[in-house]
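Inspection log for the structure reproduced underneath, given as structure tokens.
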Amino acid sequence: QTAEVGVIGMAVMGSNLARGMAHKGFRVAIYNRTASRTDEVMAEHGTEGIFLPFHDLGDFVASLERPRRIVMMVKAGRGTDAVIKEIIPLLQPGDVLVDGGNAYFGDTRRREEETRPTGIHYVGTGISGGEVGALEGPSIMPGGSKESYAAIGPILEKISAHVDGEPCCAWMGTDGAGHFVKMVHNGIEYADMQFIGEAHALLRAAGLTNAEAADVFESWNHGDLDSYLVDITSRVLRAKDPRNPATDLLDVIRDEAGMKGTGTWTVQTALELGVDVSTIGEAVFARSVSSSLPLREAGQQALEGPDRAISVDDRQAFIDDVRDALWSAKVIAYAQGLDEIRTAAAEYNWQVDMGQVASIWRDGCIIRARLLQRIKDEYAAGDLTSLLEAPSVKAELARCQQGWRRVVARAVEAGVPVPGFSSALGYYDQVRAPRLNAALTQGLRDLFGAHTYRRVDDEGSWHVNWSGDGREVRAD
Ligand code: NDP
């Protein structure tokens, strides 16, 4: 018997992805470097579908129908390079090698370029949804050649999550486009979680208990904020400490956030592309600050300020303002993330369809949310420079911005840190301002460094002879 698809790497993601494929009726070859792991998967799940387990990579490859379709789900970085090195000599032109791990898109571009002369298609693919998603239907973001998508796309689409019959999987563009989109997905996830944390902190500062805050998040989840992360927030807020049911679990979790690096990549890449992803940056920095214990200890000793309590006369009105701030900030994070994808697409010559990006994020992935349907529809209606100019988005922001401002103002007065909400608002006010303080920046740069400036009423670059006669000279 031959296999239609193969999966390498039988840790949690790979084994669940292989099971998801088998559940959909595919004959799946499986292989893991450590053979006992393959045996364990067979022992636990071998009856769930048609699996062809292998201990030898050559036998695994030989079992696959041509063109071979192989998905690697191994440790990103050296693990991926090791598997590529071993498997490429066993493959033939036209075969498709998919990297479903969390690779850095620059590595994927390099690997794709190195593989191209062999005629083997290298397909960097973002997969989101964690282990449950991998099993039950993730959001899948494949890159690589368009030709390769014809071979691997139908399988990936079938195992992905679906919304209204449409798969949450689509070709994102050549070489590293798929991993780029996944990277930005994770960046937006960071921002989303930071905003949720700030909303919760504000509700607590206004006197709500965790359980009351959970009710608020639950009610939000029935409206425009409907999303996986808001949904699971109420679950975490309601959870009791398994060691002591009288205490909320949240109150015994250390306030030190970890991270694995995709948020940092999103920000580093944006800096290189010259794109503002300040909300994602704030989210990454907020995690860094949370884990910088000596800094926080010193700050707690040294710094004066208000006591982080917000007194509210009308509790529901305040809650509604926090909701509006959360919705608005979330939209800004999406706008910034999509701007990063749009800019990268121009830089790397990818034909990324922004509506399709929103479409495949609607389900299966961690940032799945009702908002994504709106974003998909807006991009379908017409090309946009920024999500913020979409008719329904700008109208809703116009309505929300007053509450958002009140929330940031109250937080600043009370000393509740809201770097995400305030940074998002700063972006909103910057991009809508007819004139920015950049004019003064250019004036200063011209004075100290003769960096020149451009005029509002004339073409060309100009410089003032600051240290001489004060006259303006053309500099280009
Ligand atoms: P891990 O990232 O923990 O990787 C373990 C797997 O990689 C094992 O199968 C291991 O084989 C294999 N491996 C490691 N080094 C090598 C090597 N040098 N040669 C061959 N095989 C090697 O597994 P996960 O399932 O958590 O993740 C797989 C990929 O999916 C990663 O890239 C991860 O970033 C990505 N991902 C993970 C998500 C998650 O929620 N966990 C979500 C989305 C993507 P062995 O058993 O022999 O050690």
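Would you mind finding the one in Ser288, Ser234, Ser311 that is of a type outside the set (A, V, I, L, M, F, W, C), part of a loop (DSSP other than H, G, I, E, B) and modelled with pLDDT of 95 or more? Before the answer, list the steps.
Details: Ser288 fails: part of a loop (DSSP other than H, G, I, E, B); Ser234 fails: part of a loop (DSSP other than H, G, I, E, B).
Exactly one residue qualifies, and that residue is Ser311.
Considering only the stretch 377-385, I want to know if a residue exists there that is assigned to a loop (DSSP other than H, G, I, E, B), over 20 Å from Gly337 (Cα atoms) and of a type in the set (Ser, Thr, Tyr). Step through it out loud before you land on a result.
The initial filter retains those residues of the stretch 377-385 that are assigned to a loop (DSSP other than H, G, I, E, B), namely 382-385.
So of that shortlist, the ones also over 20 Å from Gly337 (Cα atoms) come out as none.
No, the stretch 377-385 has no match at all.
Select from the stretch 126-155 the residues that are closer than 21 Å to Arg111 by Cα, away from the ligand (no atom under 14 Å from the Cβ), of a type outside the set (Gly, Ala, Ser) and open to solvent by less than 10 Å² (accessible area, probe 1.4 Å) and list them in ascending order.
Of everything in the stretch 126-155, just one residue is closer than 21 Å to Arg111 by Cα, away from the ligand (no atom under 14 Å from the Cβ), of a type outside the set (Gly, Ala, Ser) and open to solvent by less than 10 Å² (accessible area, probe 1.4 Å), namely Ile152.
Of the residues Arg66, Arg109, which is modelled with pLDDT of 95 or more, more than 16 Å from the ligand (Cβ to nearest atom) and within 28 Å of the chain's Cα centre (by Cα)? Reasoning before the result, please.
Values: Arg66 fails: within 28 Å of the chain's Cα centre (by Cα).
The unique qualifying residue is Arg109.
Of the residues Glu340, Glu272, Glu297, Glu256, only one is surrounded by 21 or more Cβ atoms within 10 Å (Cβ to Cβ) and among the charged types (D, E, K, R); which?
Numbers: Glu272 fails: surrounded by 21 or more Cβ atoms within 10 Å (Cβ to Cβ); Glu297 fails: surrounded by 21 or more Cβ atoms within 10 Å (Cβ to Cβ); Glu256 fails: surrounded by 21 or more Cβ atoms within 10 Å (Cβ to Cβ).
The conditions single out Glu340.
With respect to Thr118, is the statement that it is surrounded by fewer than 18 Cβ atoms within 10 Å (Cβ to Cβ), at pLDDT 95 or above and among the β-branched types (Val, Ile, Thr) true? Break it down stepwise before answering.
Values: surrounded by fewer than 18 Cβ atoms within 10 Å (Cβ to Cβ): yes; at pLDDT 95 or above: yes; among the β-branched types (Val, Ile, Thr): yes.
Criteria met by Thr118.
I need the full set of residues from the stretch 6-39 which are exposed (fewer than 15 other Cβ atoms within 10 Å of the Cβ) and more than 10 Å from the ligand (Cβ to nearest atom), in order please. Break it down stepwise before answering.
If we filter the stretch 6-39 for residues that are exposed (fewer than 15 other Cβ atoms within 10 Å of the Cβ), which is where we start, we get 12, 24-25, 34-36.
Within the stretch 6-39, Lys24, Gly25 qualify.
Out of all the residues in the stretch 198-223, which are open to solvent by 10 Å² or more (accessible area, probe 1.4 Å), in contact (Cβ under 8 Å) with a residue 40 or more places away in the chain and either of a type in the set (Asp, Glu) or assigned to a helix (DSSP H, G or I) (or both)?
Scanning the stretch 198-223 gives Ala201, Ala205, Val216, Trp220.
I'd like the residue in the stretch 156-181 that is part of a helix (DSSP H, G or I) and not aliphatic (A, V, I, L, M) and, out of all such residues, is surrounded by the fewest Cβ atoms within 10 Å (Cβ to Cβ).
Start the filter on the stretch 156-181 by keeping residues that are part of a helix (DSSP H, G or I), which leaves 156-159, 177-181.
Of the ones still in play, those that are also not aliphatic (A, V, I, L, M) are 157-158, 178-180.
On the way: Glu157: 19, Lys158: 16, Gly178: 32, His179: 31, Phe180: 31.
Out of the qualifying residues, it is Lys158.
I'm checking my understanding of the structure. Among residues of the stretch 69-90 that are farther than 19 Å from Lys182 by Cα and among the charged types (D, E, K, R), which one is nearest to the ligand (Cβ to nearest atom)?
Filtering the stretch 69-90 for residues that are farther than 19 Å from Lys182 by Cα and among the charged types (D, E, K, R), the one nearest to the ligand (Cβ to nearest atom) comes out as Arg78.
The values are calculated or read from the model by the stated rules, or taken from the named source; none is laboratory data. Just so you know, these numbers come straight off a predicted model, no measurement behind them. Reconstructed Cβ throughout: ideal geometry from the backbone, glycine too, with neighbour counts over all protein chains shown. Ligands, DNA and RNA are stripped out before the accessible areas are found, and what is left, the full protein with its side chains, is counted by its heavy atoms. Shrake-Rupley method; radii C 1.70, N 1.55, O 1.52, S 1.80 Å.
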